[in-house]
C-alpha cells in the first residue's frame with residue numbers, strides 16, 4: 001500500500017502543481033473541471049450508482065452544468081458560492097445527526113443533488129481563487145493540508161474526546177484544535193508576507209478559522225457517505241490514495257467558502 005501511495009504521488013503531485021499554478025483562464029477551468037468530474041464519477045458510486053450507464057449520467061450532467069457556467073462567463077459568479085455555503089450548512093446538519101437523519105438524504109436522487117451543490121461551487125471557487133492570484137489559491141491549499149497535518153499529530157498525541165464517533169471514530173476535538181492552531185499560524189505568516197494591516201490580519205485569521213472548520217465537515221461528509229455505502233475507498237482511480245474525493249473532500253468545503261469571503265473583501 002505504501003509503495004502504491006508513493007508511486008501515485010510521484011506523478012500526481014507534479015501534474016497537480018502544473019495544472020493549478022501553471023494554467024490560468026480557460027485551460028485552468030478545463031483542468032479543474034476534469035478533476036471535479038472524476039470526483040463526480042466517484043460521487044455517483046457514493047449515491048448508490050455503482051456501475052453502467054446510470055453511473056455515467058451524473059458525470060455528464062455535471063459536465064453540462066460546468067460548461068454552461070463557463071460559456072455564460074459565470075466562473076466568477078457569487079451565486080454558486082452562496083449555493084455551496086447553503087449546501088454545506090445542510091451537510092453539517094446531516095453529518096451532526098448521523099445516523100439518526102439518514103432517512104432525510106439516503107435516496108439516490110438526494111445524494112446526487114448533494115454532489116451537485118458540493119462539486120459545482122468548488123469548481124467555481126477554484127476559478128475565483130485563481131483569478132484573484134496564485135497566492136490565494138496556494139493559501140487555501142496550505143490551509144487544508146495544515147489543518148490535516150495538525151489534526152493528525154495532535155490527535156494522535158492528545159486525542160481523547162471523539163468528534164463524530166458515528167461518522168469517523170478516529171477524529172477528535174483535540175485534533176481539530178491542533179488543526180486550528182496550525183492554520184492560525186499559517187494565516188499570521190501569510191498576513192505578514194502580504195504586509196496586511198492589523199484589521200485585515202484579524203479578518204484573515206477569523207476567516208481561516210471558519211474555513212478550517214468547514215474543511216473538517218468536508219472530510220466528515222465523505223466519510224459519512226462511504227460508511228453508509230459500506231465502502232472504504234470512493235474508487236481506485238488513485239491507487240493507494242482512496243480515490244479523487246479522498247484527496248479533495250476537505251477542499252470542496254474550504255474552497256467555495258474562502259472564495260466567497262474573498263469576493264466579500266477579505267484581504268483588502
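The values are calculated or read from the model by the stated rules, or taken from the named source; none is laboratory data. Just so it is clear, the model here is predicted, and its values are computed rather than measured. Note that we place each Cβ from the backbone using ideal geometry, even for glycine, and neighbour counts take in every protein chain shown.
What the table shows:
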| item | result |
| --- | --- |
| Where a residue in the range 154-175 is at negative phi and in contact (Cβ under 8 Å) with a residue 60 or more places away in the chain and its partner, wherever it lies, is surrounded by 15 or more Cβ atoms within 10 Å (Cβ to Cβ) and not in a helix (DSSP H, G or I), with Cβ under 6 Å and at least six apart | 166/98; 167/98 |
| Qualifying residue in the range 169-191 (condition: touching a helix residue (DSSP H, G or I) at 6+ places or on another chain (Cβ under 6 Å) and part of a loop (DSSP other than H, G, I, E, B)) | no |
| Subset tally (residues that are under 14 Å from the mean Cα position of the chain (by Cα) and under 19 Å from residue 107 (Cα atoms)) for the range 18-41 | 1 |
| Which listed residue is at positive phi and either surrounded by 15 or more Cβ atoms within 10 Å (Cβ to Cβ) or in contact with a helix residue (DSSP H, G or I) (Cβ under 9 Å, 6 or more places away or on another chain) (or both), from 265, 150 | 265 |
| Candidates 69, 138, 60, 56 - the one that is under 19 Å from the mean Cα position of the chain (by Cα) and under 30 Å from residue 30 (Cβ atoms) | 138 |
| Members of the range 54-84 found to be in contact with a helix residue (DSSP H, G or I) (Cβ under 6 Å, 6 or more places away or on another chain) and over 20 Å from residue 32 (Cα atoms), listed by number | 55 |
| Selected residue (criterion: nearest to the chain's Cα centre (by Cα)) from residues of the range 192-208 that are surrounded by 15 or more Cβ atoms within 10 Å (Cβ to Cβ) and assigned to a helix (DSSP H, G or I) | 208 |
| Sole residue being more than 20 Å from residue 266 (Cα to Cα) and touching a strand residue (DSSP E or B) at 6+ places or on another chain (Cβ under 9 Å), chosen from 179, 175 | 175 |
| Filter pass, residue 87 being part of a helix (DSSP H, G or I), touching a residue at least 24 places away in the same chain (Cβ under 8 Å), farther than 25 Å from residue 193 by Cβ and within 14 Å of the chain's Cα centre (by Cα) | yes |
| Subset of the range 63-84 (residues that are in a helix (DSSP H, G or I) and either more than 22 Å from residue 215 (Cβ to Cβ) or modelled with pLDDT under 95 (or both)) | 63, 64, 65, 66, 67, 68, 69, 70, 71, 79 |
| Residues of the range 90-112 that turn out to be part of a helix (DSSP H, G or I) and closer than 14 Å to residue 47 by Cα, as a count | 9 |
| Any hit, the range 34-43, residues being assigned to a helix (DSSP H, G or I) and farther than 25 Å from residue 71 by Cβ | yes |
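Conditions tested, residue by residue: (1) in contact (Cβ under 8 Å) with a residue 60 or more places away in the chain; (2) touching a strand residue (DSSP E or B) at 6+ places or on another chain (Cβ under 6 Å); (3) on the phi > 0 side of the Ramachandran plot.
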{"residue": "186", "(1), (2), (3)": "no, no, no"}
{"residue": "202", "(1), (2), (3)": "no, no, no"}
{"residue": "216", "(1), (2), (3)": "yes, no, no"}
{"residue": "223", "(1), (2), (3)": "no, yes, no"}
